1. Pairs, please: C-beta under 6 Å, at least 6 apart or cross-chain, first residue assigned to a loop (DSSP other than H, G, I, E, B) and in segment 32-58, second open to solvent by 40 Å² or more (accessible area, probe 1.4 Å)?
2. Considering only residues that are under 13 Å from Tyr79 (Cα atoms), open to solvent by less than 40 Å² (accessible area, probe 1.4 Å), out of contact with any helix residue (DSSP H, G or I) (no Cβ under 7 Å at 6 or more places or on another chain) and not β-branched (Val, Ile, Thr), which ones fall in segment 24-54?
3. Pick from segment 59-70 the residues that are in a strand (DSSP E or B) and open to solvent by 40 Å² or more (accessible area, probe 1.4 Å): which of them is farthest from Asp91 (Cα to Cα)?
4. How many residues does segment 76-94 hold that are more than 15 Å from Leu20 (Cα to Cα) and surrounded by 12 or more Cβ atoms within 10 Å (Cβ to Cβ)?
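The values are calculated or read from the model by the stated rules, or taken from the named source; none is laboratory data. Values in this document were obtained by computation on a predicted structure and should not be read as measured data. So basically every Cβ, Gly included, is an ideal-geometry build from the backbone, and we count neighbours across all protein chains shown. Note: accessible area is taken over every heavy atom of the protein model, side chains too, but ligands, DNA and RNA are not part of it. Shrake-Rupley method; radii C 1.70, N 1.55, O 1.52, S 1.80 Å.
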Amino acid sequence: QVQLVESGGGLVQPGGSLSLSCAASGNIAKTYTMGWYRQGSGKQRELVANITSDGNTNYADSVKGRFTISRENAKNTAYLQMNRLKPEDTDVYYCNYQWRWFNFWGQGTQVTVSS
């Protein structure tokens, strides 16, 4: 089992910035992928960004150039820096840990972009 604890999120005005962090604990594999997904009411959960143990990253087109994902392997922690936020970025953001066919999820943190 892997536990994920998220922090960050909140309310920000359009054009502002927020950062999220996600710390993994428990039965951590040597190599794994961590990522962030988001889901709004009535919508499917979608990938925002993920990062492998080697540092390879993948971003949704909608956030490229605005969001940056990073990780500290020694701390089993992933970060999502979100800049130039837009109202359409408003969602619940979920941290994800993936190893082989195993997926674990954080509890979700609300990000609201509004004036």
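1. These pairs meet every condition: Tyr32/Trp99; Arg45/Tyr37; Arg45/Gln39; Ser53/Thr31.
2. Ala24, Met34, Gly35, Trp36, Asn50
3. Ser70
4. 1
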